[in-house]
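Contents: one structure, followed by commentary.
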Amino acid sequence: MISSVVVAGGGLSGLLAARYINKLVPTVDVRVFERRSRGNYRVDCGEGFIDFRGVLSRVISEVRPFIRSEVSESVWRFQYDGGTRNVRIEHDDFFWIIDRLGWQKKILKDIEGEVDVVFGEEVEIDDFSCDLVVDARGPSYKVGSAVYGVYEGSFDSVLGKAVFDYRERLDGYYWIFPMEEGRANIGYGGFGEDIGKKRLDSYVESLPLNIDSKKKSGGGYLDYTYYLKDVHGKKTGLIDRRDGGWIARVGDAAGIVNPLIGEGISGAVSTSYQLARAIKQNDLDKYPVWVKKENKHSISLSMARLRKKKYSRFVERFSKLDGVKASHCYSVPKFMFRHPIRSIKFLIA
Ligand SMILES: Cc1cc2nc3c(=O)[nH]c(=O)nc-3n(C[C@H](O)[C@H](O)[C@H](O)COP(=O)(O)OP(=O)(O)OC[C@H]3O[C@@H](n4cnc5c(N)ncnc54)[C@H](O)[C@@H]3O)c2cc1C
């Protein structure tokens, strides 16, 4: 029986894990340690909340007040073989650009009082001997990185749309997420530790948009290893036993980020919730099983292999989604968003 939990990292996944554990098993003593000071608490993100994993209903009402804009259509641009393919997907389902820091601060406010949150404390997993240490410290492998800017200007041509732009061989992706009127979050992500600031700058310059100024910028690492954490020769999973207790990884620490678009918010929701469920059932071995089930259609590191050889085939297949409604992918055939991922697996198999 788990009675004491330490959460290392007070980002989205750490706060959600603390909250879900507290909610589902109120008898558990939960403490969160965040290395940033309270005053310096920040988030570097494109703030696009897209539900690849079907988890949005878990947080929908609490996220609603933090929606900056709703995306009704996403445009996926692929450059390949010297040409360009545009694939349009109609979002009759949820795809929001959110104020993520605002949301996190709200979760924080809600849990403080029930859960002890300590700011300004950088911790190591081995610092604690308790029933369960939750590693929510963000990317444990720097498989990828992303950089973004918040720009001011005129974004009328992309209002209500999200743009994903892929260059040769899927070695990275650019995004344009219109926020409130006159502002957009534009970023670049990819494989490797290269933050790619220069790439983003030249991308922004090349855009047919009237951009006046950059108001904010930032970046960070991404872990796309999914739960297959053996890419660097070291095998770790979502959960490990150790002397006197367990270690579980949630969010980016679990490598849950989708390498096609750098999406990890829904992965943070998925992992934190499933961990709390497993604690409630007093069966932590269920945690990896449930995460794998919920994320089974999400993308794996096979993307790295895909970009070497199969990019044009992937684009051909993805192009078949042109005009598809997003809700189709969330319902039974789970066709649309889940289709590219399945097709990757299919292509590679
Ligand atoms: C530039 C960029 C843009 C992105 N855009 C999107 C997007 O548009 N949509 C999307 O879905 N995802 C996006 N992502 C991915 C998304 O931000 C992550 O998946 C998400 O942050 C995962 O949350 P997390 O809590 O697991 O990790 P983090 O948000 O990284 O939180 C980890 C926390 O742990 C703290 N910490 C680290 N080490 C320690 C330590 N030793 N002791 C104590 N505390 C520690 C950190 O200070 C941090 O607060 C983006 C990522 C980047 C870098």
Is region 278-285 home to any residue that is at pLDDT 90 or above, away from the ligand (no atom under 16 Å from the Cβ) and of a type in the set (D, E)? yes
Residue by residue through region 166-202, note down the ones that are at pLDDT 80 or above and more than 14 Å from the ligand (Cβ to nearest atom). Y166, E180, E181, G182, R183, K198, D201, S202
Which pairs turn up if I take residues in region 246-263 that are near the ligand (Cβ under 7 Å from one of its atoms) and look for partners that are of a type in the set (F, W, Y) and in a strand (DSSP E or B) with beta carbon separation below 9 Å, at least 6 apart in sequence or on another chain? D252/Y221; G262/Y173; G262/W175; E263/F49
What is the one condition in (1) among the acidic types (D, E); (2) crowded, with 16+ Cβ neighbours inside 10 Å; (3) more than 11 Å from the ligand (Cβ to nearest atom) that D116 does not satisfy? (2)
Inspect all residues belonging to region 79-96 and state whether any of them is modelled with pLDDT under 95, aromatic (F, W, Y), assigned to a loop (DSSP other than H, G, I, E, B) and surrounded by fewer than 23 Cβ atoms within 10 Å (Cβ to Cβ). yes
Could you say whether any residue in region 137-150 is in contact with a helix residue (DSSP H, G or I) (Cβ under 9 Å, 6 or more places away or on another chain), of a type outside the set (V, I, T) and away from the ligand (no atom under 11 Å from the Cβ)? no
If we ask which residues in region 52-78 are closer than 29 Å to W290 by Cα and assigned to a loop (DSSP other than H, G, I, E, B), their number turns out to be 5
Filter result for V123 (within 25 Å of R38 (Cα to Cα), touching a Lys or Arg at 6+ places or on another chain (Cβ under 7 Å) and within 9 Å of the ligand (Cβ to nearest atom)): no
Going through region 65-92 in order, the residues found to be small (G, A, S) and either in contact with an Asp or Glu (Cβ under 8 Å, 6 or more places away or on another chain) or over 19 Å from V324 (Cβ atoms) (or both) are S69, S72, G82, G83
Residue that is farthest from F119 (Cα to Cα), among those in region 36-78 that are surrounded by 17 or more Cβ atoms within 10 Å (Cβ to Cβ) and among the small types (G, A, S): S74
Expected single match for in contact with a His (Cβ under 9 Å, 6 or more places away or on another chain), closer than 29 Å to E70 by Cβ and crowded, with 20+ Cβ neighbours inside 10 Å among A162, A146, A136 is A162
Here the residues within region 240-261 that are under 15 Å from S13 (Cβ atoms) and under 10 Å from the mean Cα position of the chain (by Cα) are G251, D252, G255, I256, V257, N258
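Residue-wise test of (1) hydrophobic (A, V, I, L, M, F, W, C); (2) modelled with pLDDT under 95; (3) in a helix (DSSP H, G or I); (4) over 18 Å from A136 (Cβ atoms).
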| position | (1), (2), (3), (4) |
| --- | --- |
| D252 | no, yes, yes, no |
| I256 | yes, yes, no, no |
| G267 | no, yes, yes, no |
| T271 | no, no, yes, no |
| A276 | yes, no, yes, no |
| W290 | yes, yes, yes, no |
| K293 | no, yes, yes, yes |
Region 4-29, residues that are assigned to a strand (DSSP E or B), under 16 Å from Y273 (Cβ atoms) and within 10 Å of the ligand (Cβ to nearest atom): V7
Restricting attention to region 30-46, does a residue exist that is away from the ligand (no atom under 13 Å from the Cβ), touching a Leu at 6+ places or on another chain (Cβ under 8 Å) and either within 23 Å of A146 (Cα to Cα) or not aliphatic (A, V, I, L, M) (or both)? no
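The values are calculated or read from the model by the stated rules, or taken from the named source; none is laboratory data. Because the structure is a prediction, the values reported are computed rather than measured. Glycine also receives a Cβ, built like all others from the backbone with ideal geometry; neighbour counts cover every protein chain displayed.
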